[in-house]
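Sharing a structure, written as structure tokens. Questions coming.
All of the numbers you see were taken from the coordinates with simple rules; none came from a lab. Predicted, not measured: the structure shown is a model, and the values here were computed from it. Here Cβ is always computed from backbone atoms with ideal geometry, including for glycine, and neighbour counts include all displayed protein chains.
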Amino acid sequence: MALGGLEMLQAEIAEVGAVHPVGRVFEVGQGTIEVSGLTARATLGDRAQIHARSGARFDAEVIALRRGAVTLLADGAVEGVAIGDRVEVLGQAGIAPDNSWVGRIVDPFGRPLDGRPLLRGPEDRNVRAAPPAAATRGRLGDRVETGLDVFNTLLPLVRGQRIGLFAGSGVGKSSLLAKFAKGVEADVVVIALIGERGRELREFVEKTMGPEGMARAVIVAATSDQSPLVRRRCGWAAMTVAEHFRDQGKHVLFLADSVTRFAEAHREVALAGGEPASLRGYPPSTAHQIMSLAERSGPGPEGTGDITAVFSVLVAGSDMEEPVADILRGTLDGHVVLDRAIAERGRFPAIDLLRSVSRSLPDAATPPENALIGKARKLLGAYDRAEMMIQAGLYTAGSDPMIDAAIRVWPALDGFIAQDAPDHTSASFARLAKALAPAG
Ligand SMILES: Nc1ncnc2c1ncn2[C@@H]1O[C@H](COP(=O)(O)OP(=O)(O)O)[C@@H](O)[C@H]1O
Ligand SMILES: [Mg+2]
């Protein structure tokens, strides 16, 4: 039994007591089911259950409302559903996060995925909550410790900041997110794992995160074999868990891996509901879905905490014009680009610093710190422009003092980007200054 006896009983009593509107199946398509008799009673996003004559029950969700018909998309296969089967509308399904969820893995409906009983929290929350009103929101907060030299200095992260992490597959997104989960200063870490394979989920929890990372984390997961409804809901449910902690005044670190899978799940649902595709295969509502998810993170309303967020985006090659990347970039306060060539030469995290920015600068750093950041960027830029020549042996030492300086500091600067920061931001800046010293 997944829940304690009393809670199970209470849940059953609640079910028995409710009278739900009932309709009838009149058409069964490719995963979608048309139902009559519910148009006046159903709401977009309602959960529903189909009672097949065989006795089997199928969970589904209302994805479109038309004159005379309600369209459902089932969570799984619908073999066995027939014309005339009864359909019960259950209303919106919330999630009731509890403080005891820290250290646990849950599904997008708030059920345990780690085989142990899970407590329901005190309040049923809407998984599709609106972002806080702009006027009630606090400002970006102070710089947080990140556990990594590069994010303590060149790409600082402040409380309530939202950044994107853009990379192709296998370049190190999940590994970097796990480093954040372990190293970034926060009260609670909430991680949405959307559309990974089951094996990847287990590996992420057991190896990449480990007991140390899990100690202050809640993972909300939907694997790739689950329906697009469940995968999309995973992003919402995880954000709802983050809001639960934020509303208690906590500083929450929210990590989503990946927004691309969230957008793909939305695309599947929207296309099944009859929305046309545009925007390189994505339906027009995709932009709104991505932005409203991202907008829920950030500084909380007055009197609450903050949700600092990192959203990973899968980009093919380094195509930053790819629709999901393009939509997200506009709403974020910074982006980190990982580069396959850097990963291939073995430097992790494979951050392409020249293409990465944190919009919390210059405010997040002191004037001397900003001067150091500016110097590092200038030298990295000079090296980058001359790199082909340098590697081809075509650069003659002494012909450009800036490039000479860049060549002198490059190995130390490249190493710096890979370094953990076991201490404090001030120590990270001291190491940066040391790496830059040979430039004079
Ligand atoms: N910090 C690191 N140190 C060493 N190897 C790493 C590091 N980060 C990533 N890798 C290598 O890159 C591979 C892919 O990383 P992963 O985080 O799973 O990428 P993604 O999530 O972008 O697909 C890992 O299996 C590992 O071999
Ligand atoms: Mg990954």
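Along the positive direction of the dipole of the chain (beta-carbon charges: Lys, Arg +1; Asp, Glu -1; about the Cα centre), which of Val22, Thr304, Thr153 reaches farthest?
Toward the positive end, the furthest listed residue is Thr153.
Under a crude label model (7 Å from the Cα following the beta-carbon direction), how far is Ala341 from Arg57 in nanometres?
Roughly 5.7 nm, to one decimal.
Rounding to the nearest 10 and keeping the result within 0 to 90°, find how far the Cα-based axis of helix 367-391 lies from the longest principal axis of the chain.
The angle comes out at about 80 degrees.
Shifting gears a bit: With springs only between Cα atoms under 10 Å apart, run a GNM on the chain and tell me which of Gly94, Gly110, Gly37 wobbles the most.
Judging by the Gaussian network model, the answer is Gly37.
What does the charge count around Ile407 come to, taking other residues whose C-beta lies under 13 Å from its C-beta (Lys +1, Arg +1, Asp -1, Glu -1)?
Result for the local shell: -3.
I want the local charge near Gln92. Using Cβ-Cβ distances under 12 Å, sum +1 for each Lys or Arg and -1 for each Asp or Glu among the other residues.
Once positives and negatives cancel, what remains is +1.
Now for a separate question. Can you tell me the convex hull volume per residue for the chain, based on C-alpha atoms, in Å³ to the nearest whole number?
156 Å³
Suppose a student asked you for the relative contact order of the chain, using Cα pairs under 8 Å spaced at least 6 residues apart; what percent would you report?
16 percent
With +1 on each Lys and Arg Cβ and -1 on each Asp and Glu Cβ, and nothing else charged, work out how big the dipole of the range 368-439 is about its Cα centre, in Debye to the nearest 20.
So the dipole magnitude of the range 368-439 works out to roughly 160 debye.
To continue, here is another question. For the range 130-236, with only Lys/Arg (+1) and Asp/Glu (-1) charged at the beta-carbon, what is the dipole magnitude about the Cα centre, in debye rounded to 20?
It works out to roughly 380 debye.
Next up: Where the only charges are on Cβ atoms (+1 Lys, Arg; -1 Asp, Glu), what is the dipole of the chain about its Cα centre, to the nearest 20 debye?
It works out to roughly 260 debye.
Please report the equivalent ellipsoid semi-axes of the range 207-285, computed as sqrt(5 x eigenvalue) of the Cα gyration tensor, largest first, in whole Å.
29, 15, 10
For a protection proxy built on the mean count of beta-carbon atoms within 10 angstrom, sort 139-146, 341-348 highest first, please.
139-146, 341-348
Quick check: net charge around Gly440, other residues with Cβ under 11 Å of its Cβ, Lys/Arg +1 and Asp/Glu -1?
+1
Using packing as a proxy for protection, rank 355-364, 393-402, 247-256 so that the peptide with the highest average count of other Cβ atoms within 10 Å comes first.
Listed from highest to lowest mean packing, they are 247-256, 355-364, 393-402.
Please report the projected area of the range 110-246's Cα convex hull averaged over all directions, in nm².
So the mean shadow area of the Cα hull is 9.8 nm².
Could you state the angle between the C-alpha long axis of helix 228-246 and the longest principal axis of the C-alpha atoms of the chain, as a value from 0 to 90 degrees rounded to the nearest 10?
70 degrees
Let me check against my output: what whole-number percent is the relative contact order of the range 290-440, with C-alpha pairs under 8 Å and at least 6 apart?
15 percent
May I ask for the angle, rounded to the nearest 10°, between helix 401-417 and the longest principal axis of the chain, with both axes built from Cα atoms and the value confined to 0 to 90°?
The two axes meet at around 40 degrees.
Report, in listed order, any pair from Lys207/Lys434; Lys378/Lys434; Lys173/Lys375; Lys182/Lys207; Lys179/Lys207; Lys207/Lys250 with a Cα-Cα distance greater than 23 Å.
Over 23 Å Cα-Cα: Lys207/Lys434; Lys173/Lys375; Lys207/Lys250.
Next question. When a/c is below 1.5 the answer is rounded, else prolate if a/b is larger than b/c, else oblate, so apply that to the range 263-361 with a ≥ b ≥ c taken from the square roots of the Cα gyration tensor eigenvalues.
Note, shape of the range 263-361 comes out oblate.
Mind giving me the nanometre distance, one decimal, between the label points for Phe26 and Arg280, set 7 Å out from Cα along Cα→Cβ?
Rounded to a tenth, the inter-label distance reads 4.1 nm.
Now a separate question. Could you give the distance between the Cα centres of the range 359-425 and the range 38-107, to the whole Å?
55 Å
Right, here's the next one. How much mean residue ellipticity at 222 nm does the chain get from its helices, if each DSSP H run of length 4 or more adds -39500 (n - 2.57) and you divide by all residues, to the nearest 500 deg cm²/dmol?
Dividing the helical sum by the residues of the chain leaves -10500 deg cm²/dmol.
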